[in-house]
Each structure stands twice: as C-alpha cells, then as structure tokens.
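Everything below concerns the one structure shown next.
The values are calculated or read from the model by the stated rules, or taken from the named source; none is laboratory data. As the structure is a computational prediction, the values presented were derived from the model and not from experiment. Positions of Cβ are backbone-derived with ideal geometry, glycine not excepted, and every protein chain shown enters the neighbour counts.
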Amino acid sequence: MAKTEETKRVFIPGCSLPSYNPEAVGKTLEFLQEKLSGVGSILKCCGKPTKALGQVDKFKERYKGFQAEIDKLGAEEIIVACQSCYLTMSANSPQKVTSLWALLPEIGLPEEAIGIGKDSDITFAIHDSCSTRDRKDIHDGIRWIIDQLGYDRVEPPHTKGTTMCCGFGGMVVPANPDLAQRVMEKRTSEVETDYMVTYCAACRESMVKGGKKAVHILDLIFGGPWDSNSEFPGVPGNPVKGWVNRYKSKREIKKALK
C-alpha cells in the first residue's frame, strides 16, 4: 500500500498486469499522477479468484482486509486496470470505481504515444474481456486509444458484447488445462490477422497460447512502435517470473510515489 500526501484516488493495477509488465504499471501510475491530483496505489489481490473457486466466506474475509486498506488511504475513487477487479470492487466497495480504459479518453494519452503506430504494417485484432462484455464505455475507450496511437485495428466475428472467453476464466487453467487450451485455440482461430491486442494480461497470455502474437494495450501506449519485425512477448516459462515481476511492480509503485 502506498499513499500520496492527500490521496483522493487509488490506482489498483490488479494481479495479472503486475505479473506481466512492471514498467507499464509504474508508467501508468506516473501518468495518472501527472493528470490527476492525489493518486495513491495499492498492489494487492481483490480476492476474485477465491470467490471463483466457491470459497465465499474466505473471499468476504479477504475483501474486508482489502477494503480496509482502501479506506485507510482515504480515497474517494478507485481506478482499476483489471476487468475482474472492476466488477468485484463495483459490487463490494462504497467508493466510485473507474476503469482505466474509460478514463483515458477523458484525460488523454501521453503526447509521445499519439500517432506512434501510424507507420506500422500491423493490423491488430481486439480481444475484449468477457467479464465486461456489457460495458460499452470500456469497449469505446479501448478503440479510442488504438485510434489515437495510430494502429490499424479489426474486429473479430465475436467482439464487444459477444466476445468469447480467452480460456482463463473461472480458474479453468489450473482445473482443466486441456479444456483451457481448446478454448484459447477456438478464440484465436476466428481471427485472420497474426496480431492481437488485449487489455487484460491473462487474456494476452491466452492469445499467445492460442498461436497469436499478442500485446497488452499498455505495451502499445508505453512501448513501440510495434511492427512485423518487433519481438513480441511470449509466455513466462514458470510462475517464478510472475512473482519476480510483482516484486518489481511494487518497486515501480514506490518509486512513482516518492
């Protein structure tokens, strides 16, 4: 948990994003601090996986502690980068909960990111997260971001409100990895382009496991320009990499809040 001098808002990046790209976590927080006043941050699981496993009492216990940390900061608004966090916190926290992807069209993008992909030879297919398939503001925000960056984009047959599960939902990967792989391949098989963009790090990993070259949208905002000669991120070889990245994310957050 980290607090600014007068915390009005708290940025919660979730679990999968810090495990994937610590630099993006830090840069996102720094950008929010530039654009908004009083932005603090918490790096902690909201407990959604516990609830997904049916351990409702344990979820309630964990969320109570999580909520206590938010309240201790005194934040009036929670800004989230994770769609599962968005739904979980919207249902369980009294604070206003805002998706980063709906917020960015309001506050803009870093100047250096605007138009960065205009000369790219890549067309990205957008994979929408299934947990927020009914959130038009998030869908519109993602497409606004990509257009501002200058990359070409295409919609899969199943998109926005009809998007398909990436294969990570409902804890299916640890429970039934063979089924998860089939779901991943089913999703990517309907996309003609070799390149996909997601706004969930777990979804990004699923698209890679399904045979595509995939990035998280923060990779596009804070990295690149990306083209067909770029080296695209793969899948971590073991869970240790994710834990190391979470530790690095913690350091990035502390650095941003100094």
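Worth pointing out:
- Taking the range 196-232 as the range and being hydroxyl-bearing (Ser, Thr, Tyr) and crowded, with 24+ Cβ neighbours inside 10 Å as the test, the residues that pass are THR198, TYR199, SER206.
- Test: residue in the range 159-168 that is modelled with pLDDT of 95 or more and closer than 23 Å to ASP121 by Cα: yes
- Applying the condition of being among the small types (Gly, Ala, Ser) and within 18 Å of the chain's Cα centre (by Cα) to the range 233-258 and asking which residue is surrounded by the most Cβ atoms within 10 Å (Cβ to Cβ) yields SER249.
- Those residues of the range 116-135 which are within 16 Å of GLY211 (Cα to Cα) and among the aliphatic types (A, V, I, L, M), in sequence order: ALA125, ILE126
- Screening the range 91-181 for helices (runs of 4 or more DSSP H) wholly inside it with 3 or more residues that are free of Cβ contacts under 8 Å to residues at least 24 places away in the same chain returns the ranges 136-149, 172-175.
- Boolean, VAL215 is under 23 Å from THR188 (Cβ atoms) and either under 17 Å from the mean Cα position of the chain (by Cα) or not assigned by TED's automatic domain parsing to the domain that holds GLY170 (or both): yes
Conditions tested, residue by residue: (1) touching a Lys or Arg at 6+ places or on another chain (Cβ under 9 Å); (2) outside the structural domain of CYS130 (by TED's automatic domain parsing).
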| site | (1), (2) |
| --- | --- |
| PRO177 | no, no |
| ARG182 | no, no |
| THR188 | yes, no |
| THR198 | yes, no |
| ALA202 | no, no |
| GLU205 | no, no |
| VAL208 | no, no |
| ASP227 | no, yes |
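- Of residues in the range 60-83 being within 25 Å of TYR199 (Cα to Cα) and either in contact with a strand residue (DSSP E or B) (Cβ under 7 Å, 6 or more places away or on another chain) or modelled with pLDDT under 95 (or both), the one surrounded by the fewest Cβ atoms within 10 Å (Cβ to Cβ): GLU76
- When the residues of the range 220-258 are filtered to those that are part of a helix (DSSP H, G or I) and among the aromatic types (Phe, Trp, Tyr), the one that is modelled with the lowest pLDDT is TRP243.
- Those residues of the range 183-213 which are in contact with an Asp or Glu (Cβ under 6 Å, 6 or more places away or on another chain) and outside any loop (DSSP other than H, G, I, E, B), in sequence order: LYS213
Yes/no per residue for (1) of a type in the set (S, T, N, Q); (2) more than 18 Å from ILE146 (Cα to Cα):
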residue: CYS203; (1), (2): no, no
residue: VAL215; (1), (2): no, no
residue: PHE222; (1), (2): no, no
residue: TRP226; (1), (2): no, no
residue: SER230; (1), (2): yes, no
residue: ASN238; (1), (2): yes, yes
residue: GLY242; (1), (2): no, yes
residue: ARG251; (1), (2): no, yes
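- Identity of the residue in the range 37-77, of a type in the set (Val, Ile, Thr) and not in a helix (DSSP H, G or I), that ends up farthest from VAL172 (Cα to Cα): VAL39
- Tallying residues that are aromatic (Phe, Trp, Tyr) and assigned by TED's automatic domain parsing to the domain that holds ALA68 within the range 95-126 yields 1.
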